[in-house]
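Report on one structure; see the data block that follows.
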There are 4 protein chains.
Amino acid sequence: MPQLVEAPLARFERVTQAGVAPAGFHATSIFPEYFQLEKGSWQLVRESRMDCTVVLEEGNDLSVKEFRRLQPGDLVACGRKENGEDGVFVHTDGFRFPSRPAEKFAFRGRLTRETSFSIDYDELYGLLRHERQSGFILWVLGPAVVFDRDARESFVKLIHAGYVHGLHAGNALAVHDVEAALFGTALGQAIYSKRSTHLGHYNHLDTINRVNGIGSLRKAVDLGHVTSGIMAAAVSRSIPYVLAGSIRDDGPLSDVVHDVLAAQDGMRALARRATTVVALATQLHAIAMGNLLPSYRVTDAGVRPVYFYNVDMSEFVASKLADRGSLTSRSILTNVQDFVVTLERGLREACV
Amino acid sequence: MPQLVEAPLARFERVTQAGVAPAGFHATSIFPEYFQLEKGSWQLVRESRMDCTVVLEEGNDLSVKEFRRLQPGDLVACGRKENGEDGVFVHTDGFRFPSRPAEKFAFRGRLTRETSFSIDYDELYGLLRHERQSGFILWVLGPAVVFDRDARESFVKLIHAGYVHGLHAGNALAVHDVEAALFGTALGQAIYSKRSTHLGHYNHLDTINRVNGIGSLRKAVDLGHVTSGIMAAAVSRSIPYVLAGSIRDDGPLSDVVHDVLAAQDGMRALARRATTVVALATQLHAIAMGNLLPSYRVTDAGVRPVYFYNVDMSEFVASKLADRGSLTSRSILTNVQDFVVTLERGLREACV
Amino acid sequence: MPQLVEAPLARFERVTQAGVAPAGFHATSIFPEYFQLEKGSWQLVRESRMDCTVVLEEGNDLSVKEFRRLQPGDLVACGRKENGEDGVFVHTDGFRFPSRPAEKFAFRGRLTRETSFSIDYDELYGLLRHERQSGFILWVLGPAVVFDRDARESFVKLIHAGYVHGLHAGNALAVHDVEAALFGTALGQAIYSKRSTHLGHYNHLDTINRVNGIGSLRKAVDLGHVTSGIMAAAVSRSIPYVLAGSIRDDGPLSDVVHDVLAAQDGMRALARRATTVVALATQLHAIAMGNLLPSYRVTDAGVRPVYFYNVDMSEFVASKLADRGSLTSRSILTNVQDFVVTLERGLREACV
Amino acid sequence: MPQLVEAPLARFERVTQAGVAPAGFHATSIFPEYFQLEKGSWQLVRESRMDCTVVLEEGNDLSVKEFRRLQPGDLVACGRKENGEDGVFVHTDGFRFPSRPAEKFAFRGRLTRETSFSIDYDELYGLLRHERQSGFILWVLGPAVVFDRDARESFVKLIHAGYVHGLHAGNALAVHDVEAALFGTALGQAIYSKRSTHLGHYNHLDTINRVNGIGSLRKAVDLGHVTSGIMAAAVSRSIPYVLAGSIRDDGPLSDVVHDVLAAQDGMRALARRATTVVALATQLHAIAMGNLLPSYRVTDAGVRPVYFYNVDMSEFVASKLADRGSLTSRSILTNVQDFVVTLERGLREACV
């Protein structure tokens, strides 16, 4: 691109106050960004995420740092132009989706529940089979996945089939999952028959109390107290997970990270490894993970896209995810109960 | 019931103005209703529907008549008490769902997208296999069923497997289905790849124009112009259908009944035969069919329930259906694309 | 535009079968469309609507005709290119909204419930005050407007203040409105206290039966049986209205047009006059009216935009309206109960 | 009640492990609960909340304690029967809503967007005017309140008029509010004109960076950097607030409590004082506050109800709040932009 030839070097300024960036700081997006550190040499930022600063580390390395981590003396990239004029180039169209023919008048330009998604299943079958071998598939789970017997069992099968490399969820997902293991219910309602059991709301509290009495979820599984479900499978297969706390939590389970900044750190550690993320029925966790997730990853083989699928019932949540900067996320509008069962079956059959 | 012993005979009054019931008329509900015509003899109304009058026909027969059909001289049942005091008994609890334990404090009393529905699939597999032999399964289809390749193909399989005895839909379902047959698109968007095709909105109009040029959908199928999809399958298997008009219609296809009262008559003819109804992603048609559908049917073997399932994405639509009197309908909150594919596969596998 | 200089004349072909256009017909959009009838002379179509044919009438006049109205011998414009190459030019950007700065990375690109709408109220106050004098304000009403006392009363005030020049609704709106006048309820629930009244569902049927006994809504108002509400105000002020039938209707009221094609004709007669349309809480009627409504009107003073506002609770409905071709509609996502009350108050205060 | 005469004393067991209740613990609900500590003497628990233990403190006092606060030696009430049989009586019907007539067949039994809410406004005007003098009105705010200019300004007026005694929100509400004060935008979109400003997403980050550079929101207001909006008004009027952290937070502002358990403690301190709570457009914070909020409060004048209003766009959120135990919450289904403006105006006018 001609304008890059004339571009200046990227400019860095020193942090003087912990947690505060110099005025005019450059903020990262979800896209690959290149910084001209020496004339003619543009360095791609690795392990990016949106809304962070770019810090020049020793050895001319660039790191993507949350504002809260900035220390006095850190050298923060400044300049907000995206086309090279500030020594920064934001590359948005490296991985392009097929563009639509530009009609003056056309129907069906929006994503809604009416948008077909057969093809998304087929693409996911191919993608996940590939990523199972050579990628890192990170799942972000809302509690709806364990409110239903079949969905819960299908997700367990996905774990055992090797399609789950990391998990992020909240306290509720874990508690309801273990309640199902101990009592067959979630919040007191049977996950198959839907019957409300007598004094069923105690099941929820008994679950937390019992696990915390044992010491942790991990211990409860290891000692054989919890023998079925998603958390048992994850623990027994040593799949890394982060259970992030929220103000809505009962208990919480002692495994839950109740400092949200510490939880973000744990989540970002997963996000750095992720090559495909699938978020199921959780606005909070999907947007939170979206904040931490770049649209690309630098591997030995070069730069590759990071896929981010979001499954939810509501157009609002799909739009909100994009409205919060996750511009490359793809949403499927359906109930995750169906989605998980169908996906698992499709992956299984496709393999035969 | 003791109160019935003392009950008076049902009272009937004459219609004096066409289309107008006498003051104090009794209106039907979705439930079985009994009228005491002679002391000790309570007659059950057959082929009922909500919000109609009950007319005493010759030979002491009772018919359920829309207000608009009333003719001067008709004898209309009067009296609004439901427990026999007016010679009328409304029987609401003949077919009971398992009741919930009455807790003072409990979670999860409402139907939402979080409510599990594994069991609904299992019950539907059993029910539909039974009804295929000895019932009448009526489907009420919104256009979403044909916006997606897999859902459309699965529904065609349901037809060929004998699970579809009647169809009710609107102009859009039929037109989009035929557009998919002719062009591979629905409203110009490919039903598998989701690509918008160039000048794609003409596909919609060309479809209508072509079919109407041939004369009718039926003819277009018979002459081999339309060889795939739901309407082709329905026509070729002589499945009765009613395509009801709405003010939203383009065209419409010449097969569409554009007088809504005539359409209601056609729909009620189907409703009279139905033993199970499944409505997919259509608020308008689901509520309309709900108005015509009683909760029971009198067969040679006695009185049996009529099942009414409604599949939709929104809690609002599920509630609205009940708010309009379809109190015994059961709603499943998911995308019909997934629902149809899963249901068809489940029925197929269950049969093996 | 240079390409127009070289453009051919528009091409017309004869209809040979009633209701069927010649192959290659041109279909209208919501936008102004110009046809080159003589070299250098481009004629703008008046009183357009989407998805219709353009017919060359005697005297070189162009009319926009529904397919179903085509008669053998009619001369229908053919050609589907939009930039003049077929003698047709579709002018999409005559009335432009301020475009957004094109950022590579930005938040909040979608319309959702989070989108602010203070400015929409302010623009509506100005617009409606202007249109009251010199335009034609057409309202499309869903029943939610009369389920709430304050909203219903506010709408009546809008009528009396001269902001309502035409009405389009369905049977339900009219019946619930009259039920409120006669019984203080809508479908049996009090429109202020929300209490369900004993045997309240009879109020609905008694309302229809009583009005049809009198002969018509118009007569019921004229004879003093119905003295409050929207329909009474509309009748007493001779505001033209179309009550369009649907298969969901009870009764219906004898004023309802139960042939949907006749109803469309009545709606289009209103749409031809409309300069601003406001649709409130009705997916069916909003999309139906959108089908009939062009984005412009030719007046003595020249070509002016037609404004189309849609107020609904759901992102899905807003998107669906655009997905069905009403690309210039503006949606406000809120409950019409609040909207009507706020709008009426704002118009009143702005006038002081 | 006769059964209470025969009831045993409440039973208490000792905690042996920190954070873990003895098996068979009694868990609190939202309702008033009475414990028989001596024969014939039933003590009402004060400052309750759902899903906690009841601990017998010195001096025969009862405290409601989260599981995580339990210390070895604490005496925890055990027994799960609610009608006195375990020495515990849960009193659910002290404050009753008018019950509905029990019809066999009726319309409109559910709460939906179609449910009228004129009366809710009127009741709120009366309630809030009363509570302003003698209660504690706690607001739970989602960010939608500050995305719109008029809603934001109306809420500021509510603060200055004395209707806001406590605030609970998240980082986003505070950041967007201050962004509006500094830049006139929220997440880069103008809160009145809706225009996206060039590089607008920097406004969000600049806001956080600037406030954290100053040291805190409180300081930013006190030093005159932030002069308008909700947070400025709250700070300047010394209204207690808790900004609770979530994993979705950017920054966050240094005023945000990023340990969710500490945040819950702060929230419960507000909940203990609250007599009326109004939650606006926030599922997370509404449910979280609902967890902490009993349905009653013990004052010098006796036991009074605590009112909990929830305003949201979606039936799902309203149902979910009840599904999570906030059984006495009342939901109004509308956009909070309209709600806040209308409420403020109504309170102002009612006072004249």
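State all residues of segment D:237-255 that are farther than 22 Å from D:Asp148 by Cβ and open to solvent by less than 10 Å² (accessible area, probe 1.4 Å); if no residue qualifies, say none.
Within segment D:237-255, D:Ala244, D:Gly245, D:Ile247 qualify.
Where the second residue is assigned to a strand (DSSP E or B) and the first is under 7 Å from B:Ser331 (Cα atoms) and lies in segment B:300-312, which pairs have Cβ atoms under 6 Å and are six or more apart or on separate chains?
From residues that are under 7 Å from B:Ser331 (Cα atoms), the pairs are B:Tyr309/B:Val278; B:Tyr309/B:Arg330; B:Asn310/B:Ala279; B:Asn310/B:Ser331; B:Val311/B:Leu280; B:Val311/B:Ile332.
Could you tell me whether C:Phe31 is within 14 Å of C:Glu82 (Cβ to Cβ) and surrounded by 16 or more Cβ atoms within 10 Å (Cβ to Cβ)?
Judged against the criteria, C:Phe31 is a match.
Can you find even one residue in segment C:134-141 that is within 12 Å of chain D (Cβ to nearest Cβ), part of a loop (DSSP other than H, G, I, E, B) and within 21 Å of C:Arg345 (Cα to Cα)? It would help to see each step written out before you state the result.
First, the residues of segment C:134-141 that are within 12 Å of chain D (Cβ to nearest Cβ): none.
For segment C:134-141, residues within 12 Å of chain D (Cβ to nearest Cβ), part of a loop (DSSP other than H, G, I, E, B) and within 21 Å of C:Arg345 (Cα to Cα): absent.
Could you list all residues from segment D:29-40 that are within 14 Å of chain B (Cβ to nearest Cβ) and either free of Cβ contacts under 8 Å to residues at least 40 places away in the same chain or of a type outside the set (Val, Ile, Thr) (or both)? Steps first, please.
At the first step, the residues of segment D:29-40 found to be within 14 Å of chain B (Cβ to nearest Cβ) are D:29-34.
Answer for segment D:29-40, where residues must be within 14 Å of chain B (Cβ to nearest Cβ) and either free of Cβ contacts under 8 Å to residues at least 40 places away in the same chain or of a type outside the set (Val, Ile, Thr) (or both): D:Ser29, D:Phe31, D:Pro32, D:Glu33, D:Tyr34.
Could you please give the count of residues in segment D:146-174 that are under 16 Å from the mean Cα position of the chain (by Cα) and either without any contact (Cβ under 8 Å) to a residue 60 or more places away in the chain or open to solvent by less than 30 Å² (accessible area, probe 1.4 Å) (or both)?
Residues meeting the conditions: 8.
Cβ-Cβ under 7 Å, sequence separation 6+ or interchain: first residue in segment D:253-275 and free of Cβ contacts under 8 Å to residues at least 60 places away in the same chain, partner of a type in the set (S, T, N, Q). Which pairs?
D:Ser254/D:Asn212; D:Ser254/D:Ser216; D:Val260/A:Ser246
Which condition number does C:Val64 fail, the rest of (1) in a loop (DSSP other than H, G, I, E, B); (2) modelled with pLDDT of 95 or more; (3) in contact with a Lys or Arg (Cβ under 8 Å, 6 or more places away or on another chain) being met?
So C:Val64 meets the others, but not (1).
Residues to consider are B:Ala274, B:Ala234, B:Ala269; find the one that is more than 26 Å from C:Thr28 (Cβ to Cβ) and surrounded by fewer than 24 Cβ atoms within 10 Å (Cβ to Cβ).
Values: B:Ala274 fails: surrounded by fewer than 24 Cβ atoms within 10 Å (Cβ to Cβ); B:Ala234 fails: surrounded by fewer than 24 Cβ atoms within 10 Å (Cβ to Cβ).
Exactly one of B:Ala274, B:Ala234, B:Ala269 is more than 26 Å from C:Thr28 (Cβ to Cβ) and surrounded by fewer than 24 Cβ atoms within 10 Å (Cβ to Cβ), namely B:Ala269.
Specify the residue that is farthest from the other protein chains (Cβ to nearest Cβ); the eligible residues are those in segment C:41-61 that are touching a strand residue (DSSP E or B) at 6+ places or on another chain (Cβ under 7 Å), surrounded by fewer than 23 Cβ atoms within 10 Å (Cβ to Cβ) and in a strand (DSSP E or B).
My answer is C:Glu57.
From the list A:Leu124, A:Leu128, A:Leu111, which one is under 15 Å from A:Val306 (Cα atoms), within 14 Å of chain B (Cβ to nearest Cβ) and either crowded, with 21+ Cβ neighbours inside 10 Å or touching a strand residue (DSSP E or B) at 6+ places or on another chain (Cβ under 7 Å) (or both)?
A:Leu124 is the lone residue from the list that is under 15 Å from A:Val306 (Cα atoms), within 14 Å of chain B (Cβ to nearest Cβ) and either crowded, with 21+ Cβ neighbours inside 10 Å or touching a strand residue (DSSP E or B) at 6+ places or on another chain (Cβ under 7 Å) (or both).
Would you point out the residue of segment C:3-17, among those that are open to solvent by less than 80 Å² (accessible area, probe 1.4 Å) and polar (S, T, N, Q), that is farthest from C:Glu85 (Cα to Cα)?
Looking at the filtered set, the residue picked out is C:Gln17.
Report yes if A:Ala106 is in contact with a helix residue (DSSP H, G or I) (Cβ under 6 Å, 6 or more places away or on another chain), surrounded by 18 or more Cβ atoms within 10 Å (Cβ to Cβ) and part of a helix (DSSP H, G or I), otherwise no.
Details: in contact with a helix residue (DSSP H, G or I) (Cβ under 6 Å, 6 or more places away or on another chain): yes; surrounded by 18 or more Cβ atoms within 10 Å (Cβ to Cβ): yes; part of a helix (DSSP H, G or I): no.
So A:Ala106 fails the test.
In segment D:204-220, how many are more than 7 Å from every other protein chain (Cβ to nearest Cβ) and either among the basic types (Lys, Arg) or open to solvent by 20 Å² or more (accessible area, probe 1.4 Å) (or both)?
Total satisfying the criteria: 7.
Would you pick out the residues in segment C:159-189 that are of a type in the set (Gly, Ala, Ser), part of a helix (DSSP H, G or I) and under 25 Å from C:Arg348 (Cα atoms)? Show your work before the answer.
First, the residues of segment C:159-189 that are of a type in the set (Gly, Ala, Ser): C:161-162, C:166, C:169-170, C:172, C:174, C:180-181, C:184, C:186, C:188.
Retained after the next criterion (residues that are part of a helix (DSSP H, G or I)): C:172, C:174, C:180-181.
Passing the criteria: C:Ala180, C:Ala181.
If you check A:Arg100 against the conditions, is it crowded, with 17+ Cβ neighbours inside 10 Å, at pLDDT below 95, over 21 Å from the mean Cα position of the chain (by Cα) and more than 29 Å from A:Glu349 (Cβ to Cβ)?
Spelling it out, it is not the case that A:Arg100 is crowded, with 17+ Cβ neighbours inside 10 Å, at pLDDT below 95, over 21 Å from the mean Cα position of the chain (by Cα) and more than 29 Å from A:Glu349 (Cβ to Cβ).
From A:Ala274, A:Ala262, A:Ala281, which residue is closer than 26 Å to D:Leu321 by Cβ and small (Gly, Ala, Ser)? Even if it seems obvious, please write down each step before you answer.
Details: A:Ala274 fails: closer than 26 Å to D:Leu321 by Cβ; A:Ala262 fails: closer than 26 Å to D:Leu321 by Cβ.
Just one listed residue meets the conditions, A:Ala281.
Mind counting the residues in segment B:227-279 that are over 17 Å from B:Arg210 (Cβ atoms) and away from every other protein chain (no Cβ under 11 Å)?
20
Yes or no: B:Glu85 open to solvent by 10 Å² or more (accessible area, probe 1.4 Å) and either in contact (Cβ under 8 Å) with a residue 60 or more places away in the chain or within 13 Å of another protein chain (Cβ to nearest Cβ) (or both)?
So B:Glu85 fits the description; yes.
What number of residues within segment D:76-96 satisfy the criterion of being in a loop (DSSP other than H, G, I, E, B) and touching a helix residue (DSSP H, G or I) at 6+ places or on another chain (Cβ under 7 Å)?
Total meeting the criteria: 2.
Would you point out the residue of segment B:306-320, among those that are hydrophobic (A, V, I, L, M, F, W, C) and surrounded by fewer than 24 Cβ atoms within 10 Å (Cβ to Cβ), that is farthest from B:Arg49 (Cα to Cα)?
B:Phe316
The values are calculated or read from the model by the stated rules, or taken from the named source; none is laboratory data. Predicted model only: the values in this text are computed from it and were never measured. Please note: Cβ atoms are built from the backbone with ideal geometry, for glycine as well, and neighbour counts cover all protein chains shown. We work out accessible area using only protein heavy atoms, side chains counted, and drop any ligands, DNA or RNA first. Shrake-Rupley method; radii C 1.70, N 1.55, O 1.52, S 1.80 Å.
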